1. Work out how much length residue 36 to residue 73 would gain on full extension: take 0.36 nm times their residue separation and subtract the Cα-Cα distance, in nm to one decimal.
2. Along the Cα→Cβ direction, 7 angstrom out, place labels at residue 48 and residue 19. What is the inter-label distance in nm?
3. At 20 °C and 1.002 mPa s, what whole-number value in µm²/s does Stokes-Einstein give for the translational diffusion of the range 7-75, with Rh from the Kirkwood sum over Cα pairs?
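What follows is calculated from the coordinates using simple rules that are stated; it is not laboratory data. Because the structure is predicted, anything quoted here is derived from the model rather than measured. Here the Cβ positions follow ideal geometry from the backbone for every residue, glycine too, while neighbour counts run over all protein chains shown.
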């Protein structure tokens, strides 16, 4: 799989508790804001399913996702973030 390939969420899920970039659909609880194909940071939980860590959307549907790249200091060879 290439770095920029989107993963079908029906075929494969991230690791439990992993935050990824997802293409999402959903409605925010407190003001009714609607997501339709929005790019969002989402978290997968085997117990709870998909969730947007920053907002309360229910339910959130993720159709495709990508892992986040490692930070420069996690790859080695570069200084830590300030």
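1. Working: separation 37, 0.36 × 37 = 13.32 nm, distance 3.40 nm.
Length gained, residue 36 through residue 73: 9.9 nm.
2. 1.3
3. 173
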